[in-house]
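Asker: Let me give you the structure first, and then I'll get to my questions.
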Amino acid sequence: MVIEQEMNDHVASLRYAGMIQHALMPDPEVIKSYLKDFFILFLPRDIVSGDFYYAFCNRQTMCIAAGDCTGHGVPGALMSILGISFLNEILQTDTSLKANRILNLMREKVMKAMHQTGTSAEKKDSIDIGLCIIDCITGKMQYSGANRPLIMVRNGELTEFKPDKMTIGIAPVKENPFTNICIDTLPGDSFYLFSDGFADQFGGIKDKKFKYIQFMRIIESVQGLSMSQQKQRFENAFNEWKGTTQQIDDVLVFGFQL
């Protein structure tokens, strides 16, 4: 009876922590005022998540991001809270920053907060993230990625903007600056940021990983649908593949149109 009560208390604490984590992420109703259309497929493996999504907008600049922290559950959730807090701090201080500069600053803050110096014994907690900065007046977009790509679909054609093979945290050798990619957007363009949880999920007849190439095929197949319909297609595909197999990681897909 005592063990059961302790378990109930533990689950209740996690659920409350999950509510706090959700509260730190932007309200979808608020995001509606930023974007022409969008969807967020957010499927934590546990009650709290190491994945997080982010949106910020003032009169001239918009920031859209999807992050994937080391681990899942409570450790991942704590890292996600750090990531969200650092993004808020950086963007509310100076919204004129370039996308790659935001990631450079974010990495500095994570390394300082985690006391990362590069010694082999320390933990390598980090954040992978794809981040976009959009000029609300010109429509020009900047993208910078730490191990997470950006997919653009224009007139049915997919373009992958590749990330730097670095994370937000200590690097194996040295911390190079992140790359900034500039994109001239057009009306009707669709964009996708995502964590690796969908592609890494085991399932299907042979209990294999879903894999990135199949994930890209879903993006191709949903073009022409509304973002809400796209979300349903993604969720259905994930659940059908997973079946009765245990979910192995948090899943996040953020699709949007400007």
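What follows is calculated from the coordinates using simple rules that are stated; it is not laboratory data. All values derive from a computational prediction rather than experimental measurement. For neighbour counting, all protein chains shown are included, and Cβ atoms are generated from backbone atoms with ideal geometry for every residue, glycine included.
Asker: How would you order 187-198, 223-234, 21-32 from highest to lowest mean count of nearby Cβ atoms within 10 Å? Show your work: numbers first, answer last.
Answerer: Numbers: 187-198: 21.5, 223-234: 15.0, 21-32: 13.4.
Highest to lowest by the protection proxy: 187-198, 223-234, 21-32.
Asker: Within 10 Å, count the other beta carbons around each residue, average over each peptide in 46-53, 241-248, 140-147, 83-90, and list them highest first. Walk me through the numbers before you get to the answer.
Answerer: Details: 46-53: 24.2, 241-248: 13.2, 140-147: 22.1, 83-90: 18.5.
Per-residue Cβ counts within 10 Å, averaged per peptide and sorted highest first, yield 46-53, 140-147, 83-90, 241-248.
Asker: Could you sort out which of Lys36/Lys211; Lys209/Lys231; Lys32/Lys109; Lys32/Lys165 sit more than 22 Å apart by Cα distance in this structure? Could you put the intermediate results ahead of the total?
Answerer: Numbers: Lys36/Lys211 30 Å; Lys209/Lys231 20 Å; Lys32/Lys109 30 Å; Lys32/Lys165 32 Å.
Check vs 22 Å cut-off fails for Lys36/Lys211; Lys32/Lys109; Lys32/Lys165.
Asker: Another question, if that's okay. Quick query: amide H of Thr61 versus all other amide H atoms, modeled in the peptide plane; which residues come in under 5 Å with a sequence gap of 5 or more or a different chain?
Answerer: Cys136
Asker: How large is the dipole of the chain about the Cα centre if only Lys and Arg carry +1 and Asp and Glu carry -1, each at its Cβ, rounded to the nearest 20 debye?
Answerer: Details: 26 positive and 30 negative charges, 122 e Å.
Computed charge dipole of the chain: roughly 580 debye.
Asker: Sticking with this one: If you build the convex hull over the alpha carbons only and average its shadow over all orientations, what do you get for the stretch 111-258? Give it in nm² to one decimal. The partial results should precede the final answer.
Answerer: On the way: hull surface 43.9 nm².
Mean projected area of the Cα convex hull: 11.0 nm².
Asker: Under the rule of -39500 (n - 2.57) per DSSP H run of 4 or more residues, summed and divided by the residues of the chain, what mean residue ellipticity at 222 nm is obtained, to the nearest 500 deg cm²/dmol? The partial results should precede the final answer.
Answerer: Values: 7 runs with 93 residues, N = 258.
About -11500 deg cm²/dmol.
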